[in-house]
Amino acid sequence: MNNWHEIDPMWAWEPFSPPGGKLTREHVAHLHRRTCLGATISQIEMGTQRSVTELVDELIRPLPEANSTDPLAQATLATGNARKLSAWWVYRLLTTDAPCREVMTLFWHGHFATSADKVTNVNLMYRQNELLREYAFEDFGKLVQEISHDSAMLIYLDSVTNRKAHPNENYAREVMELFCLGEGNYTETDIRELARCFTGWEVRREKFRFNRYQHDSGEKTVFGKTGPWTGEQGVDIVLEQAALPRFLVSKLIHYFLADEVDIPEKLIEPLAKQLRDDGLQIGPTLKRLLSSNLFFSKSCVAAKVRSPVTFAIGLLRSLEGTADTIALAEGVGDLGQDLFFPPNVKGWDGGRAWINSSTLLARANLIRRLLDHENTRFAKGSLAELASSLDRRTGTDVINWWEATLLATPLRSDVREQLVSTIENGSGNRDARLRDALHLFCALPEYQLA
Amino acid sequence: MTTRRTFLKAAPSLLTLGAMSPRFWLQAAESSGSNSDGRILVVVQLSGGNDGLNTVIPFDRDEYRKARPTLAVPKDDVLKMEDHWGFHPEMTGFADLYQNGQLSIVQGVGYPNPNRSHFESMDIWHSCTRQKNRRSEGWLGRCAAECLSAADVPAIHLGQEQQPLALSSTRLAVPSIKSLDQFCLQGAPTEKLAMAVESPPAVENGLLSFVQSSTSTALRVSERIQQQAKSYQSTVEYPDSQLAQKLKAIAGLVHADLGTRIYYVQLDGFDTHSQQAGAHSGLLRQWTGAVAAFLKDLESHQLDDRVTVMSFSEFGRRLEENASEGTDHGAAAPLFLAGKQLNSGLIGELPSLTDLDQGDLKFQIDFRQVYASLLEDWLGCDSARILGKDYKKIPVFHKT
């Protein structure tokens, strides 16, 4: 990858204006791959008629007024089965008309990683998921306060047993290290003192409860501030730290722009300042990131490894696909991204960590299973029917369509010929040949990148 | 042992992958050479708390019979190994291993202030830390990331269960494999895919090159395992149990020379609070029969000097049986190491049945001492970096 230290920060975060004044299909597809789990060819073509600002405003829009409850979620919760909850989220990821909010919810799920394996209560896992969704683009400070009172989180990080005589440092540590500041931006004393602020926090009947008899009401000194702080006040002190916006911005850059860059301080600083000035509102900073010169530059295109979700659900969304959600959730889990079951408190590392022999073979095998599964549909029909309805007659037409919607980096010409020949001269009927070609396409190294 | 030469001899099968660049050949042959030197640790987790006293039985102790009016194994049924102890009668597999000098029994393994919750104690064994500390990594996950990361897939968990914390790492993902099919490319794009990864991509991109070389490794793995499924013949008859089938699959993977250094499997059901006798017999038979067949199989392929099997449980059980002809959660228990390179025999003393810790056997050897010995003397890793401090090793391996 190229060196980010040579990038001019002024240029980097200025709004992108496409050469010739018009976005290309590549630009629009890039934006959608990163923020919406992909887009169909017609969504991409329509996008080229609009400006970057319009597209990004459309992505990061406020949550619609809470309407009726989600009946599928209610039915899922009634089963008490966290595996079904995982399938519920997969269904939502596949069908939502606000995909960017889901992508951001997934970001927070990794950030505030909590596993149903330990929490063992689907209601609490669901409630946390809704919380992350509600605050996806909103006030980060409020989100941290809310998550600190969240029952699933309290159980996951052992705060349910936080007694005055034995403060549990687990949550205090994670608030600083993983949620807000990053390693090296606090001392062990800060952790011990913050842990004292959280004493007396409990979960009773699935709800947060403050037990004043177990709360240590003495004076604590957190980041040099002394007082009889409560847990909420302790969190507020953490939220004031200068390291916070820098930590978050760099995490957002890795999530949305590029996996493995060493981001120089001078690139982080302008956005960190904005995030602080906006009162830690995530939306405006995210809009600036996604409409920037840097986002659309060569340094960022094809600079991310597809997560299992973007790999499988991205494919289906781009081809108007639907599938058996239980099988799909399990498949995505086999690839290493088990929704509601993150591997540890750090969530998913992403990037190269997604890739090894076992996951690559599992990726290819998952696509084969999906393509052969009777419940998999493309625009409610077969893959061949979808291709015909889009007037993709020849093998070349089909590969051009897939390349434009699915690939961040071009195909080699000999590989393209192989794919075309699979469609034109392979075995079986046209639909079987298309499925064989799509299977091969999704196993290609090129498709593993976003 | 698979040498470079036998790999090259087996190589024509790889020609089905299509024309390959010389670089590919070199990498394959070289990595095969280095893997052959790699020693392998297979961990068998006995979940639920195995009753150590009815496993390694102090048959001539009155306290044992007194504490277990219904559960004590009759003296005549015990498979007597030495003067004062013997195995449960279902453990004929281990009796054979012991007599062949391939079994090392570490006595009284545990840790200070034992926790009697399954989850908590298992987490302690997995992460080597108590609850007040954060546990994002397990000892084997840390070992894989710190010391074995040169391997393509340093560790594998084989089974349907949730991946054990022991294998977690924040730096690398250890795959959980439900069956070997997952390691074989389904459908038939192998040749075309091999072609697609053999020459450089259309554009220069570090990530793309990485995925491309990983894909070529993956194809090689898939090809080897498919080949293996056809060519691997086991003359040893494995018992008909899930654990045995898993270990058989691992024998195939070891033979395929995958380069994986750690394999992890589990056998559940040891939480025998009531009507223990029948259930425990069955479990002991399953466990020891499978491990014995596995080692025999490895021996017949001359792979036995590369593999050590460790079997452990999160705790033992109380000395006294309970009112339901079962036993409740206890503390220290024996741990078993099987393999050819071990100092066979009993390590440590038989536990005292009179000097107890709240009715439980006291520990003599910290489980982390066993880990340190395995890490240093078997896997060749710096144990202090992985375990967080220096634990005194115990002499389980032959001096090499």
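Would you confirm, using the coordinates I've provided, whether A:V238 is buried (at least 17 other Cβ atoms within 10 Å of the Cβ) and within 26 Å of A:A12 (Cα to Cα)?
Values: buried (at least 17 other Cβ atoms within 10 Å of the Cβ): yes; within 26 Å of A:A12 (Cα to Cα): no.
No.
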Subject >> Per-region count, the range B:158-179, residues part of a helix (DSSP H, G or I) and away from chain A (no Cβ under 11 Å) >> reply: 1
Original post:
A:E219 is checked against (1) assigned by TED's automatic domain parsing to the domain that holds A:L290; (2) at pLDDT 95 or above; (3) not hydrophobic (A, V, I, L, M, F, W, C) and fails just one. What number does that condition carry?
Top reply: (1)
Subject >> Looking only at the range B:223-238, and only at residues there that are more than 18 Å from the chain's Cα centre (by Cα) and of a type outside the set (S, T, N, Q), the one that is modelled with the lowest pLDDT >> reply: B:A229
Original post:
So which residues in the range B:265-292 are out of contact with any Ser or Thr (no Cβ under 9 Å at 6 or more places or on another chain) and under 14 Å from B:V42 (Cβ atoms), if there are any at all?
Top reply: B:V265
Original post:
Which one of the conditions (1) touching a Ser or Thr at 6+ places or on another chain (Cβ under 8 Å); (2) within 14 Å of another protein chain (Cβ to nearest Cβ) does A:E403 fail to meet, given that it meets all the rest?
Top reply: (1)
Original post:
Identify, please: which residue in the range B:48-74 is out of contact with any helix residue (DSSP H, G or I) (no Cβ under 8 Å at 6 or more places or on another chain) and part of a helix (DSSP H, G or I) and is, among those, surrounded by the fewest Cβ atoms within 10 Å (Cβ to Cβ)?
Top reply: B:D62
Original post:
Regarding A:V420, is this residue buried (at least 21 other Cβ atoms within 10 Å of the Cβ) and closer than 26 Å to B:V211 by Cα?
Top reply: no
**OP:** With the condition kept exactly as written, say whether any residue in the range A:186-202 is assigned to a helix (DSSP H, G or I), among the basic types (K, R) and out of contact with any Asp or Glu (no Cβ under 7 Å at 6 or more places or on another chain).
**Re:** no
Subject >> A:V398, sole failed condition from (1) more than 9 Å from chain B (Cβ to nearest Cβ); (2) touching a strand residue (DSSP E or B) at 6+ places or on another chain (Cβ under 9 Å); (3) surrounded by 17 or more Cβ atoms within 10 Å (Cβ to Cβ) >> reply: (2)
Subject >> Subset of the range A:12-39 [under 26 Å from A:L94 (Cβ atoms) and touching a His at 6+ places or on another chain (Cβ under 9 Å)] >> reply: A:G38, A:A39
Original post:
With respect to A:T422, is the statement that it is facing chain B (nearest Cβ under 9 Å), touching a strand residue (DSSP E or B) at 6+ places or on another chain (Cβ under 8 Å) and β-branched (V, I, T) true?
Top reply: no
**OP:** Could you grab me the full set of residues in the range B:90-117 that are at negative phi and of a type in the set (S, T, N, Q)?
**Re:** B:T92, B:Q99, B:N100, B:Q102, B:S104, B:Q107, B:N115, B:S117
**OP:** Mind listing just one residue for me: the one in the range A:149-171 that is outside any helix (DSSP H, G or I) and touching a Lys or Arg at 6+ places or on another chain (Cβ under 7 Å) and, of those, surrounded by the fewest Cβ atoms within 10 Å (Cβ to Cβ)?
**Re:** A:N168
Original post:
If you go through the range A:350-395 one residue at a time, how many are touching a Phe, Trp or Tyr at 6+ places or on another chain (Cβ under 8 Å), surrounded by fewer than 21 Cβ atoms within 10 Å (Cβ to Cβ) and at the interface with another protein chain (Cβ under 7 Å from one of its Cβ atoms)?
Top reply: 1
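The values are calculated or read from the model by the stated rules, or taken from the named source; none is laboratory data. Nothing here was measured: the structure is a model prediction, and the numbers come from that model. Neighbour counts are summed over all protein chains in view; Cβ atoms, including those assigned to glycine, are modelled from backbone coordinates with ideal geometry.
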